[in-house]
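S.K.: Let me give you the structure first, and then I'll get to my questions.
Since every read-out is calculated from the coordinates, none of them should be taken as a lab result. Please read these numbers as outputs of a predicted model, since none were measured by experiment. Cβ placement follows ideal geometry from the backbone for every residue including glycine, while neighbour counts extend to all protein chains displayed.
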Amino acid sequence: MKEHSHRSTWLRGWRYQIAVLAAILVAGLLTYLARTVLYFSFDVRIEQFIQSVPSPAVVRFLDSVSWIGFPPQSNVIFGLVILALFVAGLRIEAVMTLFAALGSAGLWYWLSAFVDRPRPSPDLVRVAVELPTGGFPSGHVLNLTAIFGFLAYLVILYVANRPLRWLMVALLAVPVVTIGIARVYAGAHWPSDALGGYLMGGLWLALTIQIYRWAVERFRGPEDHAASESHEADLETAVPEPIHSA
């Protein structure tokens with residue numbers, strides 16, 4: 001049983017590292033292309049298709065998702081979350097949520113200036129509000145992926161009731177999944193900008209989780225670290241133990 005558990009942990013670790021490496025390679029390639037190409041041909045086709053959705057209810061929902069990512073409300077929302085974690089005694093979690101928020105914002109400021117890609121043109125797609133350059137990557141997508149992703153990770157670790165846990169994870173996933181569509185629908189970004197935001201946000205989330213795991217083991221001891229790993233194992237599909245004959 002211990003051998004099976006060790007093998008499962010080892011395989012999870014390798015899959016995670018391969019996924020991170022693949023994301024780094026794809027993000028690097030996409031960043032290079034975004035510096036040299038104003039937009040891809042598929043960007044225009046996909047954006048026009050998304051903007052063809054006529055439903056007012058869908059438009060209101062997408063606008064609401066985008067609203068979350070704009071200051072000052074984003075500062076208030078995430079500030080209250082960080083404060084709630086701190087007051088609840090989850091000091092490391094509060095600090096790492098702040099790290100996810102500030103770090104992802106800083107990463108966007110640096111990357112957007114480095115790439116300096118223009119946003120979509122009103123001549124090609126519908127643009128709700130014209131914004132300055134800095135289209136790649138999407139800051140909204142990057143920030144919400146890193147922040148809501150880390151909050152979902154904390155829910156997996158700390159919410160013991162499984163149905164409630166996955167309900168909360170699903171609710172936290174909604175803004176992450178839809179923010180890319182929302183920013184493309186508004187004409188603020190090309191689909192490739194949103195993809196860049198997801199890749200960069202996912203990488204920053206991976207870094208945040210790794211630092212958090214180190215901090216828990218360093219400042220709380222191996223017991224809390226082991227408890228975290230046991231909760232993370234719920235993410236994997238249960239594998240039945242082999243049956244041994246008597």
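S.K.: Of (1) closer than 26 Å to Arg60 by Cα; (2) in contact with a Leu (Cβ under 9 Å, 6 or more places away or on another chain); (3) touching a residue at least 12 places away in the same chain (Cβ under 8 Å); (4) hydroxyl-bearing (Ser, Thr, Tyr), Thr133 satisfies all except one. Which?
M.R.: Among (1) closer than 26 Å to Arg60 by Cα; (2) in contact with a Leu (Cβ under 9 Å, 6 or more places away or on another chain); (3) touching a residue at least 12 places away in the same chain (Cβ under 8 Å); (4) hydroxyl-bearing (Ser, Thr, Tyr), the lone unmet condition for Thr133 is (2).
S.K.: Check every one of the helices (runs of 4 or more DSSP H) wholly within the range 45-115 and list those with 1 or more residues that are among the acidic types (Asp, Glu) and farther than 22 Å from Ala215 by Cα.
M.R.: Fully inside the range 45-115 and qualifying: 56-68.
S.K.: Quick one: count up the residues across the range 60-100 that are surrounded by 11 or more Cβ atoms within 10 Å (Cβ to Cβ) and either at positive phi or aliphatic (A, V, I, L, M) (or both).
M.R.: Adding up the residues that qualify gives 17.
S.K.: Additional query: Taking the range 132-180, which residues are crowded, with 17+ Cβ neighbours inside 10 Å, among the aromatic types (Phe, Trp, Tyr) and over 10 Å from the mean Cα position of the chain (by Cα)?
M.R.: Phe136, Tyr153 - these are the residues of the range 132-180 that are crowded, with 17+ Cβ neighbours inside 10 Å, among the aromatic types (Phe, Trp, Tyr) and over 10 Å from the mean Cα position of the chain (by Cα).
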